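The values are calculated or read from the model by the stated rules, or taken from the named source; none is laboratory data. It should be emphasised that the depicted structure is a prediction, and the values quoted were computed from it without experimental measurement. Note that we place each Cβ from the backbone using ideal geometry, even for glycine, and neighbour counts take in every protein chain shown.
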Amino acid sequence: MDNKKKNPATPWKIVSCVLAIALIAVSCTWIVTAQNAQKPAPAADTAATTAVSEKAEADALSLWTESAPLKKELTEYIKTITDEGSKDFIPVESRIAVFDMDGTLCCETDPGYFDHKLLYHRVTEDPDYKDKASDEEKETAEIIKGYFDSGSYPSGLDVKHGTAVATAFKGMTIDEFDKYVKDYRNQPAEGYNNMTNGEAFYKPMLQVIDYLQANDFTVYIVSGTDRLITRGLVDGVIDIPLRQMIGSDESLVATNQGDEDGLKYTFSKDDKVITGGDFLIKNLKMNKVSAIEREIGQQPVLCFGNSSGDFAMANFTISNNPYKSGAYMLCCDDTERENGNVEKADKMFSDCKENGYTAVSMKNDWTTIYGENVTRK
């Protein structure tokens, strides 16, 4: 018979070993799971994601033809400048795009600029004002009528028009002026069926704005149109704040200020801001560049325009820019869906080639302009 005693610690050693083995097994399982989680998605999933992304890109600019240079350039540009690993990456705070308005975002040929039509209406058609219009305002209206009839913009009209706008709307509060503009924008467009003045925006260009905003761009309108008229026309159509709408300027004063200089007058609790009657500046050419520096304080990386009045802004955008930049100019070559001018369009195509801008053909690059239900009369 064996008289040796059993070691009481042996069962605990066995239990400890089992627990250690179980812990090792669980740890290995966790490590394998974590490593699998970090592995790239299977090729099929990557391809599916790419396909979805490409479809989203196509939908974003769905009103542009596949052959449109802007569509190809802009989608490639966005991929590059939003990729943090790219040498062309642009930080969100530097993604600034500037757009002219008339002829770039909306119609300027029905039969002329919106703000010129507005003044003509005020001086010659508005029953509450036409008998009060000054001789200078009536003279300007006659010149505007000649411009509408001929399609040729007379030298010096830009300043005469700005001056007449300032005097014809003198004394209105900001809200009153805004309401006047919006009431007029709701009037039917003269040369089109199923469209108002305020609906005469180019749908493909509105897509460009949406596309840029979806990629963290801050969009500004930098127009030759009066700032307050620009706000009234654009408000509710394009989703940008009023502070990002820059235009020509007229004086603003307080209701009780009279002739007292603004350096001496203190705005009172009973005051309202009203139009002062003085034309200050026409926001064209170099004045657009100055306005960008004053009000934005940053060099844009993208510029969109349609005339020589936008060339200064375009050159400012693409010259000595630390970031990848581009300028696009619309060419009014569509004479069926729009009041195009082939001669002017050919000149713009030539100017784009000479200056390094990308030309946009309204005829060939857009599947629609105002929507399929809108037709020329």
| note | The correct count of residues that are of a type outside the set (Lys, Arg) and in a loop (DSSP other than H, G, I, E, B) in the range 62-107 is 21
| request: Kindly establish whether Tyr370 is surrounded by 14 or more Cβ atoms within 10 Å (Cβ to Cβ), closer than 21 Å to Ser94 by Cβ and under 22 Å from the mean Cα position of the chain (by Cα). | output: no
| said: Would you confirm whether or not the range 322-343 contains a residue that is among the small types (Gly, Ala, Ser), closer than 18 Å to Cys106 by Cα and surrounded by fewer than 21 Cβ atoms within 10 Å (Cβ to Cβ)? | reply: yes
| remark: By residue number, the members of the range 209-228 that are in contact with a strand residue (DSSP E or B) (Cβ under 7 Å, 6 or more places away or on another chain) and within 25 Å of Thr196 (Cα to Cα) are Ile209, Val219, Tyr220, Ile221, Val222, Ser223, Gly224, Thr225, Asp226, Arg227
| query | Out of curiosity, is Asp158 touching a strand residue (DSSP E or B) at 6+ places or on another chain (Cβ under 8 Å), over 20 Å from Phe304 (Cβ atoms) and not assigned by TED's automatic domain parsing to the domain that holds Ser307? | reply | yes
| message | Give all pairs with beta carbons closer than 9 Å in which a residue from the range 131-148 that is assigned by TED's automatic domain parsing to the domain that holds Val165 meets a residue that is among the acidic types (Asp, Glu) and part of a loop (DSSP other than H, G, I, E, B); count only pairs at least 6 apart in sequence or on separate chains. | response | Ala133/Asp126
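Let's see how each residue does on (1) part of a strand (DSSP E or B); (2) in the same structural domain as Arg337 (by TED's automatic domain parsing):
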site	(1), (2)
Met205	no, yes
Val219	yes, yes
Val222	yes, yes
Thr225	yes, yes
Asn256	no, no
| task | Would you be able to say whether some residue in the range 293-315 is β-branched (Val, Ile, Thr), in contact with a Pro (Cβ under 6 Å, 6 or more places away or on another chain) and touching a residue at least 60 places away in the same chain (Cβ under 8 Å)? | result | no
| query | Can you tell which of Leu233, Leu252 is touching an Asp or Glu at 6+ places or on another chain (Cβ under 9 Å) and surrounded by 13 or more Cβ atoms within 10 Å (Cβ to Cβ)? | reply | Leu233
| query | Taking Arg243, is it part of a helix (DSSP H, G or I) and in contact with a strand residue (DSSP E or B) (Cβ under 7 Å, 6 or more places away or on another chain)? | reply | no
